[in-house]
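Visitor: Take a look at this one; I'll ask things after.
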Amino acid sequence: MKAFMTRRKSLLIAASAAVALGLSACGGGSGGSSSAPPVAEKPSFAADTTMAKLASAGKITIGSKFDQPLFGQKGLDGKPVGFDVEIGKAIAGKLGIPADKIEWVETVSANREEFIKQGKVDIIVATYTITDKRKNEVDFAGPYYEAGQALMVNKDNTTITKPEDVKGKKVCSVTGSTPASTIVEKYGAVLVPAATYSACLEPLRNKQVEAITTDNVILAGFVDKEPEAFKLASDQTFTKEPYGIGLKKGDTAFRSWINDQLEAFAKDGTYKKAWEATAGKVIKTVPELPAINRY
Ligand code: GLU
């Protein structure tokens, strides 16, 4: 929480600096470059592992978000950018797969488990909270980041500062996401569901809903793009959303190998570089890799 308050302060500073300079982050200016993680030369893996299969195929399919600034957003050139994307590229690199051999597939909140189960993607890096319920269907490496649920409101809103304030009010969130369930079950909001978070922006702007709820870092990306229109309702988060890398249930060797890579990224600076090239443009404090959960 404290760490996020610091980050939120940085966000405010960054946002007001942009305003003061007459700059706008619109158009993908922030959270948008690549840290170009290294690509291993012919790495070798035990036969029959997913690592060996992917490495010999020389390509990988990764599910990510396409409309979330800072973590996963598709650029005009068709390539996604963001912290999740950099983590995906770094993992591919350890398999000897360069960024141009990654096939990016859009995964929205509600289709992630299915896409993994159906083999439509090899892994998912998409602001994907590790939960026990989801672990019945898929496995997770990580966590590689810990976010927390927050609320975003119109800039002129003065009535919503905490989750208790949305009781009986219309709040937009995404079907299949953890924040959508929490805001209804714990705080009694009237959910206006959407397929993606970007689809919630117009209803908020038009005051068809009073707030949007999801993870603080997703909302921070939207505020950064339109600081004159939106703000976070508060610095406080009210859940813990540990982000994991989704993969096929039961593939323990692959999960444990990805966990090893995440720990290596924290040690060799790949993690920090990935942050600084993307979300770190807005959220200045570089996070620590959370303790890996090798369940
Ligand atoms: N981290 C939350 C979740 O996995 C919200 C973000 C999202 O929907 O991707 O449900």
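The values are calculated or read from the model by the stated rules, or taken from the named source; none is laboratory data. From a predicted model like this one, the values you see are computed outputs, not experimental measurements. So basically every Cβ, Gly included, is an ideal-geometry build from the backbone, and we count neighbours across all protein chains shown.
Visitor: Just to be sure I understand the filter: pairs with C-beta atoms under 8 Å, separated by 6 or more residues or on different chains, first member in region 269-289 and within 14 Å of residue 71 (Cβ to Cβ) and part of a loop (DSSP other than H, G, I, E, B), second member at pLDDT 95 or above and acidic (Asp, Glu). Which pairs pass?
Guide: If the second residue must be at pLDDT 95 or above and acidic (Asp, Glu), the pairs left are 278/86; 282/224; 287/146.
Visitor: If a residue must be under 20 Å from residue 199 (Cβ atoms), outside any loop (DSSP other than H, G, I, E, B), within 16 Å of the ligand (Cβ to nearest atom) and not small (Gly, Ala, Ser), how many such residues does region 160-176 contain?
Guide: 3
Visitor: Can you go through 78, 58, 93 and tell me which one is more than 22 Å from residue 140 (Cα to Cα) and at pLDDT 95 or above? So that I can check it myself, show each step before the final result.
Guide: On the way: 78 fails: at pLDDT 95 or above; 93 fails: more than 22 Å from residue 140 (Cα to Cα).
Result of the check over 78, 58, 93: 58.
Visitor: Which members of region 174-231 meet the condition of being more than 24 Å from residue 282 (Cβ to Cβ), in contact (Cβ under 8 Å) with a residue 40 or more places away in the chain and of a type outside the set (A, V, I, L, M, F, W, C)?
Guide: Across region 174-231, the qualifying residues are 175, 176, 182, 207, 210.
Visitor: State all residues of region 62-85 that are crowded, with 16+ Cβ neighbours inside 10 Å and either of a type in the set (Val, Ile, Thr) or over 11 Å from the mean Cα position of the chain (by Cα) (or both); if no residue qualifies, say none. It would help to see each step written out before you state the result.
Guide: Our first condition is that a residue be crowded, with 16+ Cβ neighbours inside 10 Å; within region 62-85, this holds for 62-74, 80-85.
Passing the criteria: 62, 63, 74, 80, 81, 85.
Visitor: Output the residue which, of all residues in region 232-257 that are among the acidic types (Asp, Glu) and within 26 Å of residue 171 (Cβ to Cβ), is surrounded by the fewest Cβ atoms within 10 Å (Cβ to Cβ).
Guide: 235
Visitor: Restricting attention to region 127-135, does a residue exist that is in contact with a Leu (Cβ under 7 Å, 6 or more places away or on another chain) and more than 17 Å from residue 214 (Cα to Cα)?
Guide: Restricting attention to region 127-135, the residues satisfying the condition of being in contact with a Leu (Cβ under 7 Å, 6 or more places away or on another chain) are none.
No, that holds for no residue.
Visitor: Still on this structure: Is region 225-236 home to any residue that is within 16 Å of the ligand (Cβ to nearest atom), assigned to a loop (DSSP other than H, G, I, E, B), modelled with pLDDT of 95 or more and out of contact with any Cys (no Cβ under 6 Å at 6 or more places or on another chain)?
Guide: Just the residues of region 225-236 that are within 16 Å of the ligand (Cβ to nearest atom), to begin with: 232.
Now restrict to residues that are assigned to a loop (DSSP other than H, G, I, E, B): none.
No: zero hits.
Visitor: Oh, and also: Anything in region 41-58 that is in a loop (DSSP other than H, G, I, E, B) and loosely packed, with under 15 Cβ neighbours inside 10 Å? List them, or say none. First the steps, then the outcome.
Guide: Keep residues of region 41-58 that are in a loop (DSSP other than H, G, I, E, B), which gives 41-49, 58.
Within region 41-58, 41, 42, 43, 44, 46, 47, 48, 49, 58 qualify.
Visitor: Further, regarding this structure: Could you tell me which residue of region 123-159 is farthest from residue 54 (Cα to Cα), considering only residues that are hydroxyl-bearing (Ser, Thr, Tyr) and within 12 Å of the ligand (Cβ to nearest atom)? Outline the logic, then answer.
Guide: Just the residues of region 123-159 that are hydroxyl-bearing (Ser, Thr, Tyr), to begin with: 127-129, 131, 144-145, 158-159.
Of the ones still in play, those that are also within 12 Å of the ligand (Cβ to nearest atom) are 127-129, 131, 145.
Numbers: 127: 23, 128: 22, 129: 25, 131: 27, 145: 25 Å.
By that ranking, first place goes to 131.
Visitor: Same structure, new question: Would you point out the residue of region 106-122, among those that are within 13 Å of the ligand (Cβ to nearest atom) and assigned to a loop (DSSP other than H, G, I, E, B), that is surrounded by the most Cβ atoms within 10 Å (Cβ to Cβ)?
Guide: 107
Visitor: Go through (1) crowded, with 18+ Cβ neighbours inside 10 Å; (2) farther than 19 Å from residue 109 by Cβ; (3) of a type outside the set (Phe, Trp, Tyr); (4) over 16 Å from the mean Cα position of the chain (by Cα) for residue 223 and report which single condition fails.
Guide: Every listed condition holds for residue 223 apart from (4).
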